[in-house]
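To start, the structure under review is shown below, and the notes come after it.
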Amino acid sequence: MWNLYNKRIRMMKNVLTALLLFSACALAQPGPTSVAIRNVKIVTVSGPAIEKGTVVLRDGLIEAVGPSVTVPADAMVIEGEGLTVYPGLIDALSTWGMPATAAAAANGRGGRGAAAAAPAEPRAWGPEDRPQTTSWIKAADVVQPNDRRFEAARSAGFTTAVVFPTAGIFGGQGSIINLAGDKESNMVLVPSAGQYIAMHTSPFGAGFPSALMGVISYVRQIYLDADHYQALKAAYARDPRGMKRPEYDRALEGVIESKRILLPANRWTEVERMVRFGAELKQPTILYGMRQGFDPRALDHLKVKNTPVLVSLKWPEAARDTNPDEVETLRVLEDRAKAPTAPAALKQAGVAFAFYSDGIDQTRELERAVKKAIDNGLSRDQAVRALTLSAAEIYGVADRLGSIEKGKIANLVVTRGEIFEDRTKVEMVFIDGVKHTPAPEPAGRGGATTENRK
Amino acid sequence: MKKIVLAGIMALAFFAHGSLRAEVTVIKNATIMTEGAKGTVKGSILVRDGKIAEVGENVMVPEGATVIDAGGQWVIPGIIDCHVHIAVDGNMNEGSVSVSSMVNIKDVINPEDIAIYLALAGGVTAANVLHGSANSIGGQTIVLKMRWGKDADGMIFEGAKPGLKFALGENPKRAGNPQAGGAPGTPLRYPSTRMGVEDTIREAFNEAIVYKAEWDKYDAAVKGGQHPISPRKDLKLEALKEVLEGKRYVHAHCYRADEILMLIRVADDYGFKIRTFQHVMEGYKVAKEIAAHGAGASTFSDWFGFKMEVFDATPYNAAIMQKKGVVVSLNSDSENGELTSRLNTEAAKAMKYGGISREDALAMVTINPAKQLGVENRVGSIEVGKDADIVIYDKDPLSEFAKVQKVLIDGNKYFDRDQDVSGRAAKEAEKQKLMEREKQDAPQGRGGRSPQ
């Protein structure tokens, strides 16, 4: 009798909540505000794993977590027997949700597609023309909530991404977004998370800058100009009388607004160059790429300023359409063989690192790419950390993301089996406490070939 | 216990070997072309802490010194190439603009360029790495030592004055012409005549003078205790300001006599110096003027006629300029290190064309380029107190049959022919292993990836 009464009350509550939610936001998925996953293995990342425990989510936040947490009366209960819950994965440099023009050339090496995709701008004759610069654009303002790549990413366990407009040299400001939502406003966690800078070179005959050294000098000039601009603005604010007003410059406003910069570095010698460059620009710097992150010289340079790095999940592969008789250099072969050992080497050296998708947007490919780092010496726990708490720490949001702790945002991934294993299935993800179930994989889309037959 | 003792001995051996090799080395029984006051001598060189400590017939070998017996072999100072484009990441030309003095080779040093190793294997120990010649005023340049294996910072010839590339004639004037290199449909870049090149340089220095005055005024005000807002720092004009202040050398690519005289006039008008004329193929026509300006000339050995503006060139150029009092060097202008690695025979050609002496010919790739780069107190000859940048050849270095055996830079061995040759098999084996592994790892038919 009591049970029946309780149930009724619970149902009524649920209906009420649903109604409330429905009226508040007509498009939102109606559901309970509280969810409890019990008898589940919890990989908190911030602390030791809990072999059997309960996680309670409420109003988009983690309300409680522990081995003996009471399930609230109003919670929708998920039986977690045989399941493991991890913090939602974070793609630390992504173009998911970015419109095509802003997202071209995500690999940091320039990419020829970018020039074609970017809107044509008049030929630049010097830094003053602010070529290939859209530093003022915020990803949050151009994100497309209905991007189909979100679903594939969620199916691989990703709940969050730091997405960047990546066209040109100063692509724009990245935003930390959740990978679900019906409009930008409820997806955006941090609107301005850093400025994306690419060493985007152009062929001979194009406008300034065309060579790598031209790009570097342009970036340097922009930061000199930004300093000067700020000094002028401050003086004008103090006393505008008798002073010519400083000319408004959106390119400089964009870089000034950016908390940190992302610079590309794949080879160890690029790491040296960019660590030094970031220091010269006096900007907190994150390097992305890291193909040669395994090289001791790269590690040494990273340790000088404790520079955090983002490791591309797109491991170098032999091009598939080259002449099979062509012999590659030992250096190229070594790079390909050793690139997936970079994460383990970074870990060993104590360099803070996270992973990024670098254009991969297929569920299985994302999973396989992470697995490859694990096969090359990174422990599973370290891989999970790199995709969760480390990414959050690098962007300064570890107080709200990246681990399963009370009070943090309720972004979780629930798997059957250990994450990143071939046979493991992502059962569901939670984003802001809302449950998403991966769509069944379309037939022929990698599903049948997930096993490595060696 | 035994093990510990053994480990101890091994550690000691390691330290002794590791440290002493860098500290004290004696090269003995060699024929030494010092390119200094001593001329060519038979004897030994003592190297201590990276510097040449003693040169002579009888040099005491300190205890623990590493001894290199160069019996029957030849030793020369490290070769210096006054004009290369090696060790550069990306395009060596920022050719989009007529004045690209804001760009700097220093930003794009590629210490992994195999051309560095090739240069080293040819006895080159230092090189002046220049921006290309696509524009009237090109980028900032830097002098490197060929310290193969070091990082970019470790390559830089510390204390060597940086430069700025200028270019006259055909290259800077044609780059804006879509029929000669420019992409079709792109706007033409000024200038397209030699007159325009002069005008471009003058306009740039007109701007630089105004810029310098602004900064001088600001600097004076700051010195006087005031706190004005600084002028805008302009990287393009900053480099020209440094030229005006004598803090940066000008290395000017040129061919014809008329444009050489033009640049001397411009430099005189604006009060700066041309440090070197590069290529300078008609330098023999205006050698006296070049010498009077105090500029050096860095030319090719025996190339001519490879384009219109080189039709009046002659292999006697180097010898004639030298006799007229110009400090002459021979360079490779190489992007891949190929010619850089045989500058010794380029020097030898000056003996054939113009009857230059052995020592003076070798000087054109050692002490003369050192003088042109302002580092003659550090390198360019084997003399006490100088950097131990030393090359050992098996035969007379002015012979085309001579092979470099060992190269020291700062007293450290950076190239050893025996080690190179004996190490090749292991590298090839490593390569085969990696290729096999890749073949095995590749899933049949690249499973799992659907065609996209």
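Bear in mind that the values in this text are calculations on the coordinates, not laboratory data. Not measured: the values here are computed from a predicted model. Using ideal geometry, Cβ is built from the backbone for each residue, glycine included, and neighbour counts are taken over all protein chains shown.
A few points about this structure:
- Value of Rg to Rh for chain A, rounded to two decimals, is 1.01; Kirkwood radius and Rg both from alpha-carbon coordinates.
- Selection from A:SER217, A:GLY293, A:ALA235 lying farthest towards where the dipole of region A:212-342 points positive, charges on Cβ: A:ALA235
- Each residue in A:VAL162, A:VAL327, B:VAL365, B:VAL404 was given a count of other beta-carbon atoms within 10 angstrom of its own, and listing them fewest first yields A:VAL327, B:VAL404, A:VAL162, B:VAL365.
- Near-label residues of region A:285-309 by backbone N, under 12 Å of a point 7 Å along Cα→Cβ of A:GLN348: A:294-297, A:299
- Screening chain A for DSSP H helices whose Cα atoms reach 15 Å or more along their own axis and whose mean Kyte hydropathy is at least -1.0 gives A:2-24, A:212-238, A:268-280, A:363-375.
- For the protein assembly as shown, the 222 nm mean residue ellipticity estimated from helices alone, with every DSSP H stretch of n ≥ 4 adding -39500 (n - 2.57) and the total spread over all residues, rounds to -10000 deg cm²/dmol.
- FRET E, pair B:GLN440, A:ASP182, Förster distance 60 Å, beta-carbon r, rounded to 0.05: 0.80
- Residue-normalised convex hull volume from the C-alpha trace of region B:317-396: 113 Å³ per residue.
- Close amide H contacts of A:SER94 (hydrogens built in the peptide plane, cut-off under 5 Å, sequence separation of 5 or more or a different chain): A:VAL162, A:VAL163, A:PHE164.
- Under conditions of 20 °C and 1.002 mPa s, the protein assembly as shown yields 69 µm² s⁻¹ as its translational diffusion coefficient, taking Rh as the Kirkwood radius over Cα pairs in the Stokes-Einstein equation.
- For residues of A:329-339, the mean tally of beta carbons on other chains within 10 Å: 3
- Crossing angle, helix B:2-23 versus chain B [Cα axis fit, 0-90 degrees, rounded to tens]: 40 degrees
- Cβ charges +1 (Lys, Arg) and -1 (Asp, Glu), total dipole of region A:89-403, debye: 520 debye
- Sequence of A:ARG154, A:ARG331, A:ARG423 once ranked by neighbouring C-beta atoms within 10 Å, starting from the fewest: A:ARG423, A:ARG331, A:ARG154
- Positive-end residue, chain A charge dipole about Cα centroid, Cβ charges, pick of A:VAL77, A:PHE170, A:GLY181: A:VAL77
- Dipole magnitude for the protein assembly as shown: computed about the Cα centre from +1 point charges on Lys and Arg Cβ and -1 point charges on Asp and Glu Cβ, it is near 1640 debye.
- The alpha carbons of region B:90-177 stretch over 40, 24, 19 Å along the principal axes, in descending order.
- Using C-alpha pairs under 8 Å with a sequence gap of at least 6, the mean separation divided by the residue count of chain B gives a relative contact order of 18 percent.
- Distant-in-sequence amide H partners of B:VAL250 (H built 1.01 Å from N, under 5 Å): B:LEU164, B:ARG275, B:THR276
- For region B:79-379, the Kirkwood hydrodynamic radius from C-alpha pairs, put into Stokes-Einstein at 25 °C and a viscosity of 0.890 mPa s, yields a diffusion coefficient of 126 µm² per second.
- Angle in degrees between helix B:257-270 and the longest Cα principal axis of chain B, rounded to the nearest 10: 80 degrees
- The mean sequence distance of close C-alpha pairs (under 8 Å, at least 6 residues apart), as a share of the length of chain A, puts its relative contact order at 18 percent.
- Taken about its Cα centre, region B:79-379 carries a charge dipole of about 500 debye when Lys and Arg each add +1 at the Cβ and Asp and Glu each add -1 at the Cβ.
- For A:LEU61, the residues whose amide H sits under 5 Å from its own are A:ALA410, ignoring neighbours fewer than 5 places away on the same chain, with H placed 1.01 Å from N.
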